[in-house]
1. Could you tell me whether GLU585 is modelled with pLDDT of 95 or more, among the acidic types (Asp, Glu) and open to solvent by less than 20 Å² (accessible area, probe 1.4 Å)?
2. Only one of (1) outside any loop (DSSP other than H, G, I, E, B); (2) more than 27 Å from CYS153 (Cα to Cα); (3) not small (Gly, Ala, Ser) fails for VAL485. Which number is that?
3. Using beta carbons and a limit of 8 Å, which pairs, at least six apart or on different chains, have the first residue in the stretch 613-634 and on the phi > 0 side of the Ramachandran plot and the second one open to solvent by less than 10 Å² (accessible area, probe 1.4 Å) and not polar (S, T, N, Q)?
4. So which of ILE447, ILE434 is hydrophobic (A, V, I, L, M, F, W, C), touching a Cys at 6+ places or on another chain (Cβ under 8 Å) and touching a residue at least 60 places away in the same chain (Cβ under 8 Å)?
5. Take the stretch 138-175 and flag every residue that is touching a Phe, Trp or Tyr at 6+ places or on another chain (Cβ under 6 Å) and more than 19 Å from GLU242 (Cα to Cα).
6. Working carefully through the options ALA488, ALA532, ALA492, ALA497, find the one that is within 30 Å of VAL464 (Cβ to Cβ), free of Cβ contacts under 8 Å to residues at least 40 places away in the same chain and open to solvent by less than 50 Å² (accessible area, probe 1.4 Å).
7. Out of the residues in the stretch 574-585 that are of a type outside the set (Asp, Glu) and out of contact with any helix residue (DSSP H, G or I) (no Cβ under 6 Å at 6 or more places or on another chain), state the one that is farthest from GLU101 (Cα to Cα).
8. Could you run through the stretch 344-366 and say how many residues are more than 19 Å from SER298 (Cα to Cα) and in contact (Cβ under 8 Å) with a residue 12 or more places away in the chain?
Amino acid sequence: MSDTQVQKKIQITIDNKEITAEEGKTILEVASNNGIKIPTLCHNGKVSKTTSCFVCMVKDTKSGKFLPSCSSLAVDGMVVESDTDEVSDMRQTALNLLLSEHSGDCEAPCTIACPAHANVEEYVRAGREGKFLESLKIIKERIPLPLSISRICPRFCEQDCRRNTYDGEAVAINDFKRISGDLHYVDYVEDLPELNGKKVAVVGAGPAGYSTAYFLRKEGIASDLFDKQPEPGGMLRYGIPEYRLPKKILDTELAHFEKLGGISVTCNTELGKGIRLETLKKDYDAVVVAVGSWKSSSMRAEGEEHAEGGIGWLEKIALAGWTGENPGKTIVIGGGDVAMDCVRTSLRLGSRDVSCFYRRTENEMPATPIEVEEAKEEGVHFEFLTSPVKLREENGKKIMTCIRMELGEPDASGRRRPVPVEGSEYDVEADTIIAAIGQKTTIPEGIPTNKWGEVETDGKTFRVEDNVFSTGDCQTGPATVVESVAGARLTAQSIAASFNGTKITEEPDFNVSRGHWQQLRKDDLVFLKQPAEQPRTEQRKIPMDQRLSTMNEVWYTFTKEEIMKEGERCLECSCTDKGECKLKEHSETYGAQPDAIGGEKLKFDYDTRHPEIIMDPGKCIKCGICVKTCREIINKSLLDFKFRGYGVRIGTAFGEPLPQSCRDCGECIEACPVGALGWRIKK
């Protein structure tokens, strides 16, 4: 056809839009040229068609057939649907089929495990490279209180670290937060938008309240925080002992919020007394209730008034500047972190006879393992499978009748239920008995509660009613600080969305995983580089005599050199293409799930023989784009399909490694819609 010839035109309707198009164009081309987006995986405009994924399916309404739009030609008079529930279901099915054979890790397990979903792998990498300011910037995208959290977090990230599979010791992830914060927290001030005139009242200046104010400020919204205590910080100041979180460090951390502008704090002010909810609702654009859980749970034992509540006892010591009288012979009842704080604080106040009574075994203790280990190091005696029955006081001493327990069937928590052993009662004597078996929240009057006694909210928006929201322990029940930070961010987003007249955008929970480290073997792991053969860097502690006689912080911060060396142990588990993977993007859009279609996945060996490129066939969707890119664009034939049927894969001729010259090209990597081909050095 000569240049002067006129291309024949056709009429086609896509999603009720009448379009005049050139004959010979595919449905996908016509749609794209007219602003209609159709998802694709195997389509790449630089190479010839492959038509393998069927994610681009559309429906021809006249024939009733579903067609792959990337290879089906538009026909005159055709009426096409590309955006109906029926078409979406077809795309979801196609994606589910691809996922049924797809293996790998979209995101690193440490990031998934973090309640705040901080980009763990990225901040560890930055720390490993000595870029501690960059590490802090990444951390503060999700964690505005890194000085505190790096000292008290139960390390969810480390509990799921794949390094546990390799040598039984997780990377010291939490300490990357600590050194990054210690080095740069004071000097680094975030780039923030101008204040937009909106202001929120936050009741509770603890970790949830401060975090809500922080994330609101990132949206340009000002906050006034109110707290009943004489100083701000909530549980961080009055519930976490000094030896775990020095209050000078907390003061430094909270002072940073003043630098952000638009955040103020008023103490000695309690909702329902100094301030009223109705007044706040009128004076502010929104109100957030973020009070803590300061009421100790009942032991449900006769005479329990002779015991002090765990969190209340810690608060009393805190209000006295972490000083107090020697509690004498002390028994703490409970197996959580508050119980560990109580036994260890008792030692520091001078007691040399401290016991922890717990009704289950050590394996069932909810306390952070490192807290239990350190309590043992310091001389705490543990009495397991023991439960209090009755308390009384005689001659100035506390007498507690206990009963031995044995483990029965699992209860709702998944732990085996403790069952009393008949006739096993016995008495113990103590000067101080502390009950640290749980906490509850005293909800301010006028705020609705649910059956558990927490603030009743819409689960997705954190809204209580009208312009009142709630977050933190009073909304979830007692939780960790990092969990309250995670909820605060979502609450702030919900408030900002309500101001803007939009809906909060739910974050997709899609993730392909190779599995939890406890179910994996070494040969199930994929290594971008040979793992560093070195044990976990040991963190230094202050001498034992100081631990038992002062409230000094127990742990020293790693040095730069130590933490950079520790970072070499990271296996960098996430996908090399996690930010650009089209399979993940489309799966999130169409609700596809990795476990939608069951069956055994073939295991393929990955290839890292090239110094800079990894080939991971387990991720491959067999679209053939890499093969055609190499052949049609680069004019090479380094890759091709191998074998037949279910076991088909893409590889090199005779299984040879990719040539060194591939490092200067990378076209196949750029073209791959998933992470089957990637650069071994992540950026």
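The values are calculated or read from the model by the stated rules, or taken from the named source; none is laboratory data. For clarity, every value in this text was computed on a predicted model and none was experimentally measured. Cβ: placed from backbone, ideal geometry, glycine included. Neighbour counts: every protein chain shown. With ligands, DNA and RNA removed, areas are computed over all heavy atoms of the protein, side chains included. Shrake-Rupley method; radii C 1.70, N 1.55, O 1.52, S 1.80 Å.
1. Values: modelled with pLDDT of 95 or more: yes; among the acidic types (Asp, Glu): yes; open to solvent by less than 20 Å² (accessible area, probe 1.4 Å): no.
No; evaluated as a whole, the condition is false for this residue.
2. The failed condition is (2).
3. GLY624/CYS42
4. ILE434 is the lone residue from the list that is hydrophobic (A, V, I, L, M, F, W, C), touching a Cys at 6+ places or on another chain (Cβ under 8 Å) and touching a residue at least 60 places away in the same chain (Cβ under 8 Å).
5. Across the stretch 138-175, the qualifying residues are ILE138, ILE139, PRO144, ARG162, ASN164, THR165.
6. Values: ALA488 fails: free of Cβ contacts under 8 Å to residues at least 40 places away in the same chain; ALA532 fails: within 30 Å of VAL464 (Cβ to Cβ); ALA492 fails: free of Cβ contacts under 8 Å to residues at least 40 places away in the same chain.
Exactly one of ALA488, ALA532, ALA492, ALA497 is within 30 Å of VAL464 (Cβ to Cβ), free of Cβ contacts under 8 Å to residues at least 40 places away in the same chain and open to solvent by less than 50 Å² (accessible area, probe 1.4 Å), namely ALA497.
7. Just the residues of the stretch 574-585 that are of a type outside the set (Asp, Glu), to begin with: 574-576, 578-579, 581-584.
Checking the rest, the ones that are also out of contact with any helix residue (DSSP H, G or I) (no Cβ under 6 Å at 6 or more places or on another chain) come to 575-576, 578-579, 581-584.
Working: CYS575: 16, THR576: 18, LYS578: 18, GLY579: 21, CYS581: 16, LYS582: 16, LEU583: 12, LYS584: 14 Å.
Applying the filter and picking the extreme gives GLY579.
8. Going through the stretch 344-366, the residues more than 19 Å from SER298 (Cα to Cα) turn out to be 344-355, 361-364.
If we keep only those that are in contact (Cβ under 8 Å) with a residue 12 or more places away in the chain as well, we get 344-355, 361-362, 364.
The total comes to 15.
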